[in-house]
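A short worksheet on the structure shown next.
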Amino acid sequence: MNKFKKISLPLALAVFVLALVSFRSQFADDDKYFQIAKNLDIFATLFKEINSYYVDEVNPSDVMKKGIEGMLESLDPYTNFIPEDDIEDFRTMTTGEYGGIGSLIGNRGGKNMILMPYTDFPAHKAGLRIGDELLEIDGIDVTDKSTPDISKLLKGQANSSFTIKIQRFGEEEPRLIELKREKITVKNVPYYGLINDDVGYIKLSDFTTGAGKEVKNAVIDLKSQGAKSILLDLRDNPGGLLSEAVNVSNVFVPKGSVIVKTKGKVEDWNKTYKALNAPTDLDIPVAVLTSSRSASAAEIVAGVIQDYDRGVLIGQKTFGKGLVQATRPLTYNSQLKVTTAKYYIPSGRCIQAIDYSNRNEDGSVGKVPDSLINSFETLNASRIVYDGGGVDPDIVVNDKSYAPITRSLVGKSLIFDWATEYRQKNESIGDPRKFAISDNDYKNFINWLSDKEYDYTTKVEITIDELIKSARKEKYYDEIKDQIYELKGKMMHNKEQDLITFEEEIRMFIDQEVVSRYYQREGIIQNSFSVDPMVNEATKVLSNQEQYASLLAPNQEVESAYD
């Protein structure tokens with residue numbers, strides 16, 4: 001088989017190149033086509049030489065795939081080659097549908113585990129819990145397999161049955177559980193409900209098929225429950241289908257409104273997308289939460305709400321992904337996802353970051369020189385808004401930073417493990433919105449940590465170490481070493497004290513982890529309401545109609561997250 005590949009692939013390339021060379025002769029005066037034929041000829045002969053003479057055996061498919069990926073990396077991050085083996089995963093990502101058990105899986109502490117069974121899907125209905133360790137799938141040992149490999153074993157034809165063996169904490173013997181795969185359609189709106197008597201909350205996590213319908217139904221239901229305003233949470237939403245961005249926007253803006261325009265090299269592909277349906281509500285006050293990871297379709301919706309002065313944006317500047325991709329079929333059932341255009345929202349600004357390679361550590365848009373930023377006006381109130389990458393919120397609320405001890409306890413899965421043990425000892429908890437561990441629970445948690453490893457280094461300690469290195473290099477060390485080590489002694493962290501100093505934020509993470517064991521991701525969202533600074537700010541604005549109106553008043557300038 002390898003020998004066949006070794007001969008056939010170069011031969012196929014050679015035939016293709018000959019055809020292009022012939023094509024070149026027809027357009028000899030066109031340097032562009034000559035350059036294409038020339039470089040493809042070089043590439044084919046280079047590949048043939050490597051395949052024939054390289055010291056080790058070469059896998060043609062692997063080498064070619066790396067060559068393709070290297071070429072595409074020189075363009076933008078969103079133009080990708082999708083080989084036949086990955087087509088199913090790509091389809092799942094765009095449609096939100098697959099045959100499986102409806103559960104997030106992953107590795108914690110070297111063990112493959114159930115991380116989140118989605119409500120009312122096979123994993124949840126079969127009684128699988130967060131923290132259950134996966135041992136076998138249909139008799140296949142998965143203890144040492146990767147998460148993608150396990151995911152493939154769990155997926156399959158809807159209505160097909162199989163068994164899994166799990167180890168549950170606190171039980172001596174493994175459990176054997178029979179499951180039947182279903183057609184899983186991941187909800188775009190994993191949760192909606194009332195925050196208080198007046199404010200309705202909608203979490204929109206994706207833009208796969210049906211997103212607009214789900215948001216519309218949520219708005220209608222929340223209004224029937226008494227909601228007088230809507231909080232649409234788009235934080236961390238990576239985007240998805242452009243058509244669903246149009247449908248979600250259409251819930252709040254009139255039929256016929258321009259939602260987004262696409263402009264690219266192929267003029268025939270340029271298109272203006274308008275709201276096609278009657279809106280659900282044109283008057284209800286709206287607040288939209290955004291983060292630096294709100295991207296693509298999420299940015300279109302946020303931009304539409306802002307450009308039509310239909311609501312206020314609260315949170316962070318969005319990601320700045322305003323490039324349009326189309327899939328093009330290739331031979332052998334593979335596909336090319338290629339960037340073909342840019343998005344322009346109603347005010348005329350492009351949401352694509354000017355330099356998508358210049359980003360902060362958290363993925364947010366990097367600093368853009370003022371000279372490259374253009375101003376635009378919103379369509380109703382003529383408020384000043386800007387391009388340069390992403391959509392700026394009307395009110396900036398940054399993510400809370402957490403102490404090193406908190407990050408360590410979360411990162412080392414210690415809070416995860418303690419919550420798993422808590423679930424084993426407690427059959428139920430109360431209302432997820434009101435749940436909080438007791439003082440005695442927190443003392444038990446501290447005692448439980450006594451033999452666990454969760455050391456960490458603070459930023460102050462890192463700075464002092466860097467100061468010592470600089471002092472040694474610049475020959476000042478001997479003069480100041482006593483003062484440095486006195487300072488270091490005072491600033492060395494004390495884990496026991498940090499557990500007290502940062503108790504409030506540690507308890508917040510524990511509360512949400514425990515709640516997830518009983519109420520899944522819906523419970524986490526509900527439990528976070530009282531401690532979420534963006535939700536609190538949005539609720540305050542929606543509850544104060546005077547402030548809400550002032551933010552949407554004519555000639556106001558949207559606060560720039562660049563400042």
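The values are calculated or read from the model by the stated rules, or taken from the named source; none is laboratory data. Because the structure is predicted, anything quoted here is derived from the model rather than measured. Note that we place each Cβ from the backbone using ideal geometry, even for glycine, and neighbour counts take in every protein chain shown.
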Among helices (runs of 4 or more DSSP H) entirely inside region 366-466, those with 3 or more residues being buried (at least 18 other Cβ atoms within 10 Å of the Cβ) and of a type in the set (Lys, Arg) are none
Can you confirm whether Ala19 is part of a helix (DSSP H, G or I), farther than 30 Å from Ile354 by Cβ and at pLDDT 85 or above? no
Name the residues in region 335-394 that are among the hydroxyl-bearing types (Ser, Thr, Tyr), modelled with pLDDT of 85 or more and out of contact with any Asp or Glu (no Cβ under 7 Å at 6 or more places or on another chain), would you? Thr340, Tyr343, Tyr344, Ser375, Ser382
Please enumerate the residues belonging to region 253-285 that are under 25 Å from Leu552 (Cβ atoms) and in contact (Cβ under 8 Å) with a residue 60 or more places away in the chain. Ser257, Val258, Ile259, Val260, Lys261, Thr280, Asp281, Ile284, Pro285
So for region 69-81 (the condition being under 30 Å from Arg181 (Cβ atoms), hydrophobic (A, V, I, L, M, F, W, C) and not assigned by TED's automatic domain parsing to the domain that holds Val338), does at least one residue qualify? yes
Residues located in region 35-52, provided they are surrounded by 14 or more Cβ atoms within 10 Å (Cβ to Cβ) and β-branched (Val, Ile, Thr): Ile36, Thr45
Restricting region 281-331 to residues that are basic (Lys, Arg) and in a loop (DSSP other than H, G, I, E, B), the one farthest from Asn544 (Cα to Cα) turns out to be Lys321
For Gly240, indicate whether it is buried (at least 22 other Cβ atoms within 10 Å of the Cβ), among the small types (Gly, Ala, Ser) and in contact (Cβ under 8 Å) with a residue 24 or more places away in the chain. yes
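A quick yes/no check of all residues on (1) of a type in the set (Val, Ile, Thr); (2) outside the structural domain of Tyr518 (by TED's automatic domain parsing); (3) within 18 Å of Ser516 (Cβ to Cβ):
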residue	(1), (2), (3)
Ser103	no, yes, yes
Pro122	no, yes, no
Asp132	no, yes, yes
Asp138	no, yes, no
Thr163	yes, yes, no
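Residues that are closer than 30 Å to Gln424 by Cα and either at pLDDT below 95 or not hydrophobic (A, V, I, L, M, F, W, C) (or both): find the strands (runs of 3 or more DSSP E) completely inside region 68-183 holding 1 or more of those.
Filter on region 68-183 gives 97-100, 103-108, 111-117, 133-137, 161-167, 175-180.
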Could you grab me the full set of residues in region 284-296 that are over 17 Å from Ala218 (Cβ atoms) and of a type outside the set (Val, Ile, Thr)? Ser291, Ser292, Arg293, Ser294, Ala295, Ser296
Can you name the residue in region 496-530 that is within 21 Å of Val286 (Cα to Cα) and at pLDDT 95 or above and, of all such residues, is surrounded by the most Cβ atoms within 10 Å (Cβ to Cβ)? Ile525
